[in-house]
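What follows is one structure encoded as structure tokens, with my remarks underneath.
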Amino acid sequence: MARTDEREGRLDTPRQLGRRLWSNRRNTTDTFGVFAENFARFMGTARFLLYMTIFIVVWIALNLIGIFGLKWDAYPFILLNLVFSTQASYAAPLILLAQNRQEDRDRVVAEQDRQVATAARADTEFLAREMASLRMALGEVATRDFVRSELKALLADLDERGQGPDKQA
């Protein structure tokens, strides 16, 4: 339970599916920002473009042909132009708000990446120091080849003196 509460306020964690936009949540100060993000996402889809195209074609057709006696916007389509201007005046700030929220999420993710990179660098430096100390310690340890060569040299030295293992019996 504490883990979901912890994720609730984080900007880099997407919200859970199935939650309603206008539901009574604890964090109601963020509701408008969520609305702005959803609005900006919808305006960037092919579905929105299709709906808008259908709306414009129907508007122009009804006003040019005058089907059912509907002709509320004459040829220069001043009212349609006003609708577009109004839509743009509301859409631009909402899209900017959504972009600012995305920048905040990106900033949080970048800070977490910096923290992970710092920890990884510290771990790497620690491991490098450990490896260096192991190499230094291994430099002082006699290897099998070194012991063999020393034993061969000792046997050769004993043979020269006449005290080798062959000569003692």
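The values are calculated or read from the model by the stated rules, or taken from the named source; none is laboratory data. For clarity, every value in this text was computed on a predicted model and none was experimentally measured. Counting neighbours? That spans all protein chains shown, and the Cβs are built from the backbone with ideal geometry, glycine included.
Key figures for this structure:
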{"item": "In the range 10-46, residue modelled with the lowest pLDDT [restricted to those that are of a type in the set (D, E, K, R) and surrounded by 10 or more Cβ atoms within 10 Å (Cβ to Cβ)]", "result": "25"}
{"item": "Residue match in the range 90-99 (condition: closer than 28 Å to residue 39 by Cβ and more than 28 Å from the chain's Cα centre (by Cα))", "result": "yes"}
{"item": "Selected residue (criterion: farthest from the chain's Cα centre (by Cα)) from residues of the range 100-143 that are basic (Lys, Arg) and more than 30 Å from residue 33 (Cα to Cα)", "result": "135"}
